[in-house]
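Trainee: First the structure, then my questions, so here it is.
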Amino acid sequence: CGYVVASAEGLILGVNQTFLTWTGFSRSDLVGARRFSELLSAGGRIYYETHIAPMLSMQGHVREIAVEILRSDRSRLPVLVNADVEPDAGRGPAMIRIAVFDATERRSYERELLRAKEAAEAAEMRAVSLARALQATLIPPRPPEIAGLDVGAAYRPEGRGEEVGGDFYDVFEVADDDWVVVIGDVSGKGVEAAVVTALARYTLRGAAVRTESPSQALATLNTVLMAEQVERFCTAALLRLRRDGCSWDVTMSSGGHLLPLLRRPRSLPQPVGAAGSLLGVFAQPSLVDVHCRLEPGDCLLLFTDGVTEARAGREFYGDDRLVEAFDRYRSVGAATLADDLVSEIVDFQSGRPRDDIAVVALQVPQP
């Protein structure tokens, strides 16, 4: 290391050959001729006067202070400085001993680290932007308006909401007063899950046009997933709704998905439907169609496991809370119901959900 001995005022009293070699000065250029602070860059001189000198006066030492020394050719040498004040008994500080370490490689490393950090942050911003754009193609911006049916939907990815999730829903028309509602959950997260999500969504759209049976549509998706060998499974529930005056006939099937809750005007919400097999796992899944009828005042709630499995510490949001909340929101429309329920579940998890959350509410208006 370089070594400099200076007076209490900073005047250089001695230097070693290493310091002279690094800086290009001769001994006569420095000893008795310059203060140590005069060898520093402009910013370094200011820092010396405002920080280093006061610290030496109060503490008697400084450690690993990063500054730049101006060589004789005015080029800059990044260094780390350690300094100790050596007191002269009875007469106050007599000299300052300064050890100087070449920090060229460290500075290069720090600059490279900073560049890598900036590149990583830029890449993360691009990834977040891509995730949001991709998610927007998988989740409808808003449910369609359906005559005689109030539809509300809400979606919230896990965490800060910046990663592409596996939950999805869809609402689309196949004929006059004939609608299909889908909700599903693909295992995993990220782009790979998004690929399966897109595959599931558009496969079900095509299948629902070719068959009136929800279970057959889900079976088609199962066949596609098995053929693609995507190594990811999914759950899905598909409902076919046909309008009949002020009411709706519903045929539904569940492929391993949580059963919807049906709320009627004078009763607590109850599960409706029949559980079926996961999709993408079994060559011959167990899938059945179940029929029900939605009368004016009835409401059907579809949701993913990010609702019931929401967790605060070791406590789950659970089925009972969901039933209680669904029953409590009787006086609001479907859109408000979906939004408020998702907000309640996010708040239950202190604003950072551990899984994606998707909710679809289907409510038949009172005449």
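Trainee: Do we find that F25 is part of a helix (DSSP H, G or I), touching a residue at least 24 places away in the same chain (Cβ under 8 Å), of a type in the set (F, W, Y) and open to solvent by less than 50 Å² (accessible area, probe 1.4 Å) in this structure?
Mentor: No.
Trainee: Quick one: which residue in S215, S277, S253 is open to solvent by less than 60 Å² (accessible area, probe 1.4 Å), at pLDDT 95 or above and not in a strand (DSSP E or B)?
Mentor: Among S215, S277, S253, only S215 is open to solvent by less than 60 Å² (accessible area, probe 1.4 Å), at pLDDT 95 or above and not in a strand (DSSP E or B).
Trainee: While we're here: Considering segment 259-274 alone, what residues qualify as being assigned to a loop (DSSP other than H, G, I, E, B), of a type outside the set (S, T, Y) and closer than 19 Å to Q363 by Cβ?
Mentor: Result: L259, P260, R264, P265, R266, L268, P269, V272, G273.
Trainee: Here is a follow-up. When you go through V174, V196, V181 one by one, which is the residue that is open to solvent by less than 20 Å² (accessible area, probe 1.4 Å), touching a strand residue (DSSP E or B) at 6+ places or on another chain (Cβ under 7 Å) and within 19 Å of D244 (Cβ to Cβ)?
Mentor: When all the criteria are applied, what remains is V181.
Trainee: Which of the residues spanning segment 39-51 are surrounded by 15 or more Cβ atoms within 10 Å (Cβ to Cβ) and not basic (K, R)?
Mentor: L39, L40, S41, G44, Y47, Y48
Trainee: Identify the residue in segment 333-357 that is of a type in the set (A, V, I, L, M, F, W, C) and touching a helix residue (DSSP H, G or I) at 6+ places or on another chain (Cβ under 7 Å) and, among all such residues, is nearest to R243 (Cα to Cα).
Mentor: L341
Matching residues to (1) modelled with pLDDT under 85; (2) assigned to a strand (DSSP E or B); (3) open to solvent by 30 Å² or more (accessible area, probe 1.4 Å); (4) in contact with a strand residue (DSSP E or B) (Cβ under 7 Å, 6 or more places away or on another chain):
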{"site": "E121", "(1), (2), (3), (4)": "yes, no, yes, no"}
{"site": "R126", "(1), (2), (3), (4)": "yes, no, yes, no"}
{"site": "L130", "(1), (2), (3), (4)": "yes, no, yes, no"}
{"site": "L134", "(1), (2), (3), (4)": "yes, no, yes, no"}
{"site": "T137", "(1), (2), (3), (4)": "yes, no, yes, no"}
{"site": "P144", "(1), (2), (3), (4)": "no, no, yes, yes"}
{"site": "V151", "(1), (2), (3), (4)": "no, yes, no, yes"}
{"site": "E158", "(1), (2), (3), (4)": "yes, no, yes, no"}
{"site": "E162", "(1), (2), (3), (4)": "yes, no, yes, no"}
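Trainee: Collect the residues in segment 47-87 that are closer than 17 Å to L11 by Cα, among the small types (G, A, S) and touching a residue at least 40 places away in the same chain (Cβ under 8 Å), keeping them in residue-number order.
Mentor: Selection gives A53 alone.
Trainee: Hey, another quick one. So which residues in segment 52-78 are of a type in the set (A, V, I, L, M, F, W, C) and surrounded by 12 or more Cβ atoms within 10 Å (Cβ to Cβ)?
Mentor: Correct list: I52, A53, M55, L56, V62, I65, A66, V67, I69, L70, L77.
Trainee: Show the residue pairs that are 6+ apart or on different chains and have beta-carbon atoms under 8 Å apart, the first residue being within segment 203-220 and hydroxyl-bearing (S, T, Y), the second being at pLDDT below 95 and outside any helix (DSSP H, G or I).
Mentor: S215/G276; T220/T211
To keep it simple, each residue is scored yes or no on (1) assigned to a helix (DSSP H, G or I); (2) closer than 18 Å to T18 by Cβ; (3) at pLDDT below 90; (4) of a type in the set (A, V, I, L, M, F, W, C).
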site: A33; (1), (2), (3), (4): no, no, no, yes
site: S37; (1), (2), (3), (4): yes, no, no, no
site: I46; (1), (2), (3), (4): yes, no, no, yes
site: M55; (1), (2), (3), (4): yes, no, no, yes
site: V62; (1), (2), (3), (4): no, no, no, yes
site: E68; (1), (2), (3), (4): no, yes, no, no
site: R74; (1), (2), (3), (4): no, no, no, no
site: L77; (1), (2), (3), (4): no, yes, no, yes
site: N82; (1), (2), (3), (4): no, yes, no, no
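Trainee: When you go through V359, V323 one by one, which is the residue that is under 26 Å from the mean Cα position of the chain (by Cα) and aliphatic (A, V, I, L, M)?
Mentor: V359
Trainee: Right, another one. Looking at (1) more than 31 Å from the chain's Cα centre (by Cα); (2) open to solvent by 80 Å² or more (accessible area, probe 1.4 Å); (3) free of Cβ contacts under 8 Å to residues at least 12 places away in the same chain, which is the only condition R243 fails?
Mentor: It is condition (3) that R243 fails.
The values are calculated or read from the model by the stated rules, or taken from the named source; none is laboratory data. Keep in mind that this is a model prediction, so the values were computed, not measured. Neighbour counts are summed over all protein chains in view; Cβ atoms, including those assigned to glycine, are modelled from backbone coordinates with ideal geometry. With ligands, DNA and RNA removed, areas are computed over all heavy atoms of the protein, side chains included. Shrake-Rupley method; radii C 1.70, N 1.55, O 1.52, S 1.80 Å.
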